[in-house]
Amino acid sequence: MSIQEQNPLMVDAFRGMYIIQADVDAWGFPPTGWDFDGIPIFYALDSDVKSTGATIDGNAWGDNIPENMAPPLKTFFESIRD
C-alpha cells in the first residue's frame, strides 16, 4: 500500500488519521451493515467504534495509484476530523 511505501501524497492524505486495516478476503464481511461495493473502502468511526455512515471507496477515483487516490482521500479525511 502506498502509505507503507511512504508516498508523500498518501502520507499527506492520511496525516492525523488512525487506520484499522481488515482484509475482506481473510475476514469476510457477512451482512452486518458494513456493506460496500468498492475496494478499498474507508469507514469513519465514532468514539464507540461504530460507523458514522461516512465512507469513501475505490469508486471515488480511477486506478488505485497515489495520484488518483490521495486528493479524494485527503478531502474525505479532512471532512471527518473532529
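The values are calculated or read from the model by the stated rules, or taken from the named source; none is laboratory data. A quick note: this is a predicted structure, and the numbers were derived from the prediction, not measured. Don't worry about glycine lacking a Cβ; one is built from the backbone with ideal geometry, like all the others, and counts go over all protein chains shown.
Would you pick out the residues in segment 55-82 that are surrounded by 13 or more Cβ atoms within 10 Å (Cβ to Cβ), among the small types (Gly, Ala, Ser) and touching a residue at least 24 places away in the same chain (Cβ under 8 Å)?
Scanning segment 55-82 gives a single hit, 70.
Out of the residues in segment 1-48 meeting the condition of being of a type in the set (Val, Ile, Thr) and closer than 18 Å to residue 63 by Cβ, tell me which one is modelled with the highest pLDDT.
This residue is 41.
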